[in-house]
Amino acid sequence: MSTTFFKFNPAPPPREQSGSKPLHRVNFYCRAPEAKSVVLVGDFNNWQPTAHPMTRMPDGVWSIRLELPHGHHQYLFLVDGKPTLDPNAMGKVHNERDETVSLIAIS
């Protein structure tokens, strides 16, 4: 059973992206000690399964830090290719294809 969670990194302050909203650093974590690979996919990377591979830490938790703009973002973890919801997400919603996905709000 995998346990996933995310957290905000409180510092440094948001960075401006040229011509758009400021970016906020967000750390995503996925506990999947038996996994061979974990990838973060979401609306922020057009659901591309190669865009954001996560790094395995010694304790079996996978992590990645992204800079995301203000707003609501839909995402999933691909644990060995299997779509996995984040049980600690701020919420769950249905995407355009009526699939249940995790939700994070960045402000």
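The values are calculated or read from the model by the stated rules, or taken from the named source; none is laboratory data. It should be emphasised that the depicted structure is a prediction, and the values quoted were computed from it without experimental measurement. Reconstructed Cβ throughout: ideal geometry from the backbone, glycine too, with neighbour counts over all protein chains shown. Areas reflect the complete protein model, heavy atoms only, side chains present, ligands, DNA and RNA absent. Shrake-Rupley method; radii C 1.70, N 1.55, O 1.52, S 1.80 Å.
The figures follow:
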read-out	value
Cα→Cβ-extended label distance, 7 Å offset, between residue 82 and residue 23, nm	3.3
Integer Hz, Karplus 6.51/-1.76/1.60 couplings in order for the range 92-107, x for Gly and Pro	10, 9, 9, 7, 4, 9, 6, 9, 7, 9, 7, 10, 10, 10, 10, 9
Largest-first ordering by accessible area, 1.4 Å probe, given options 92, 36, 21	36, 92, 21
Inter-probe distance in nm under a simple model that places probes 7 Å from Cα toward Cβ, at residue 105 and residue 50	3.6
5 angstrom amide H check on residue 35, placed H, neighbours 5+ away	none
R0 of 25 Å, Cβ-Cβ distance residue 36-residue 72: FRET efficiency to nearest 0.05	0.20
Karplus (6.51, -1.76, 1.60) ³J(HN,Hα), θ = phi - 60°, over the range 55-66, in Hz, Gly and Pro reported as x	9, 7, 9, x, 8, x, 8, 9, 9, 7, 10, 10
Global geometry of the range 20-102, whether rounded, prolate or oblate, following the gyration tensor of its Cα atoms and the 1.5 cut on a/c	oblate
